[in-house]
1. Find out how many positive minus negative residues lie around residue 452, taking Lys and Arg as positive, Asp and Glu as negative, among other residues whose Cβ is under 13 Å from that of residue 452.
2. What are the ³J(HN,Hα) couplings of the stretch 274-288, residue after residue, when phi is run through the Karplus curve with 6.51, -1.76, 1.60 and θ = phi - 60°? Round to Hz, x for glycine and proline.
3. Restrict the search to the stretch 77-110; then list the trypsin sites (Lys or Arg not before Pro) that DSSP places in a loop and that have at most 11 other Cβ atoms within 10 Å of their Cβ.
4. When a/c reaches 1.5 or more, the comparison of a/b and b/c decides; with that in mind, is the stretch 442-535 rounded, prolate or oblate per its Cα gyration tensor?
5. So if we plug the beta-carbon distance of residue 667 and residue 778 into 1/(1 + (r/R0)^6) with R0 = 25 Å, what FRET efficiency do we get, rounded to 0.05?
6. Can you compute the charge dipole magnitude of the chain about its Cα centre, using +1 on each Lys and Arg Cβ and -1 on each Asp and Glu Cβ, nothing else charged? Give it in debye, rounded to the nearest 20.
7. Of the options 35, 115, 89, report the single residue whose Cα projects farthest towards the positive end of the charge dipole of the stretch 28-182 (beta-carbon charges: Lys, Arg +1; Asp, Glu -1).
8. Considering amide H positions built from the backbone, and no H for Pro or chain starts, which residues 5 or more places from residue 257, or on another chain, come under 5 Å of its amide H?
Amino acid sequence: MKNLFCVVFIICIQFLSHSQNTSEFDRELDFNLNWDFYLSESDEDYKTINKSKFKKVNLPHDWVVENGFDETLGDDAKATGFIPSVGYGYYKKEFSLKTESDELTYILFDGVYNNSEVYINGHKLGFHPYGYSPFYYNLTPHLNTNGKPNTIIVKLDHSRFADSRWYTGAGIYRNVKLVTTNKLHIPIWGTFVTTPNVSKDLAKVQIDVSFNNEYNSDQKVFVTTKIFDANQNEIAKISSELAIKVQSKAEITQDLNVNHPQLWDVNSPYLYKAVTTISKNNRVIDVVETPFGIRTIKFDTNKGFFLNGVNMKIKGVCLHHDGGLVGAAVPKDVWERRLKILKDGGVNAIRISHNPASNEFLDLCDEMGFLVQDEFFDEWDNPKDKRLNTNEKSVDYITRGYQEHFQEWAKKDLTAIMLSHRNHPSIFQWSIGNEIEWTYPRNADATGFFGNMNWNGNYFWDKPPYSPEKIKEQLETLPRGKYDIGETAQKLSRWTKALDTTRPVTANLILPSVSHLSGYTDALDVVGYSYRRILYDYGHKNYPDKPIMGTENLAQYHEWKSIMERPFISGTFLWTGIDYMGEIRSPWPIRVQPSGLLTTAGFPKGSYYMMQSLWTEKPMIHIATQNIEKSLNKIDDNGNIVAKNPNKWKNALWEWQDVNDYWNYAKGEMISVEMYSNCDEIELFLNGKSLGEKYLKDFEDHIYKWGVPFTEGTLLAKGSKDGVVTEAKIVTATKSSEIELIADDLTLDADHYDVSNIVLQLEDKHGNPVATDDREIHFEISGPAKLLGVDNGWKKSVQPFQSNINTTHNGKTLVVIQATGTPGTIHVKAKGRGLKTETISIKSK
């Protein structure tokens, strides 16, 4: 194994459409609007369902999030997030389509959750179990050509409603397109762009293009590819002649040069566009447009990660696919707001956990400059326990998940995911699995961590009790199951590399000490450690030929400190970037896994500001407060504020300590004032009086601390970093009397998709934000918009999302509206008892 895994390539976003000036038809049609939907508690024959039972919906659509939270779900809610989701969903759409005799029509689904059956005009097209992989069907043989409407039915079976460890939602929750092509065409996902060589002067671009000839005769065509820069200037062109036999497939490779390329980077995500045209008898019959980015990546076993030749740390977060109040059907603008906040916090990478992302989400990452680890599966040969993680503890119908289909569908799903996603410049790693070792008991037994009466250490913080030699011996003697983890990993890796060798294969390993010896890591180019920072030195010493990084870690200072101290560790993905529904470990009314840097409403928590202080260069200060008794700190005998447990920060886990962002307490009450900052020094003032200057180097846990007896007024912090001064303040607020509405977009397109995220902040009569006097808010929406929902982000809030009423938490809540297809002015009014009513106006055009 080489010490270096290096790939130099060009990668691209793929979407298919015809250029307006060269095409007589649109290849892709948005197929999201005007569906009918019916939810049944039982399995019904779709042909017998009365049409009066259907309601109108637009896609993407998640039927689960429309329900309220239900305490009676009990243990099953650990997987579902306390929202009922059992049912059979039926989607129906009637459409007319005029096609020519030399054309084919396909329907393309980017994601349907789950166990879908698709019918066209009564003909079953197929069954697709996996809820996260894209798929398509050829409609052509069954379309009506006599002017009669066509009817498409999509039936979903979500009777196994606890089939995952996190909130999945249910429905056609990603985009659907109708694709019309000539009988000689580039198939869906039929292009792949790489660059064998990249320098500052020249990038060699290689475009592999596939073709299908569905004619009953041989065909001869011309294939032309042009490359355009971001200003739409043509900068390269190549043409090739292609002869393709009757009813056959073909591939060609076209090589072009881009002079003085602008590289795709996390700080400057520059995108080019390749346009590939097929011409027959001087008539354009197909066009594929492919935006792409040029970059290089390299993982070095001793120096870590390089992007475009620059050594950098991966500052990543893990994200599940729900969008809070919108469930799994997340509008692009909702993700964009969330990603902007994470970007401002210094995040430069996303691990899509534990399933592949939507193409729309990947488009955003391409455009905004996020590296992406795209993860295929959470289960392989054996099932996980959906309520408790690890290997399955009990067998019941509702928890049957993807493992039931893995043997038959894994290769098909992996192939579809990669063909659909491999042209996104954001993707820099393929992950074949997440914490899979739990489901092969022999692996856990071999570590010596569990069931070992001769060891009393801590799994999280202690090194393996067994040496590599002992672990190897255990693996050779312990009974094997039906499937071997190493063999399955190597199979998945082979399938991945058959489609793409430009990116490394990785996985998230929860038991790396045994996975290095089980054959698992033999399948990996980069080894990901899950919560095992204590093993970084162990892994580097014993397996020096393997690049190592953290792929699931805690949002705590000790995690980042261990990475910064080790050049050979490429970086991390923190668990998690945003709170997510499901995987609940606490009793009702906890509705989320509260490990995120952000709440489900996208409001930052203390951990966000800690990571911002570590991951950004611009000087920043965030002030957090808490009653000294409730805090992690105390006043010592000398009157100084110190940690109650000086070593607690070294073993801090998922959830950040309980702190507040306000300055409202009882007079004279001793308050622990913490500051998360990258400033070298900070001076604190209370009502203009200095409380002293302190230095970051004096705080081992990277947190400034003051003990301050509460007095009403203004707490002001002034700091400097490399000579640049910044400040932050919090002010004692009186009771809530005003409402401020802040929209991230005041102008929407009337396209059924555009969204405005509106944050409501309570204020006192002086305009100060109020966090201690929450109120119930009633929203009224008028004009051409749809209310998508409300959410205050609190982990214990079980108010329904699909409502116009919400109680603020810490003085805030979020309301999201979506444009319809009608232009006009939208008015969002917010009112509450004792509050001055506030209205914000948004244009839809």
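1. -1
2. Couplings: 9, 10, 9, 10, 9, 10, 9, 6, 6, 10, 6, 10, 6, 9, 10 Hz.
3. Details: sites: 78, 92, 93, 98; in loops: 98.
Passing sites in the stretch 77-110 are 98.
4. Since a/c reaches 1.5 but b/c is at least a/b, the shape of the stretch 442-535 is classed as oblate.
5. Details: r = 35 Å, r/R0 = 1.38.
The computed FRET efficiency comes out at 0.15.
6. Details: 94 positive and 108 negative charges, 67 e Å.
Its charge dipole is roughly 320 debye.
7. Most positive-ward Cα: 35.
8. Those qualifying (amide H under 5 Å, at least 5 residues apart or on another chain) are 205.
Every read-out reported here was derived from the displayed coordinates using simple, explicitly stated rules and does not represent laboratory data. Remember, it's a predicted structure, so these values are computed and weren't measured experimentally. Don't worry about glycine lacking a Cβ; one is built from the backbone with ideal geometry, like all the others, and counts go over all protein chains shown.
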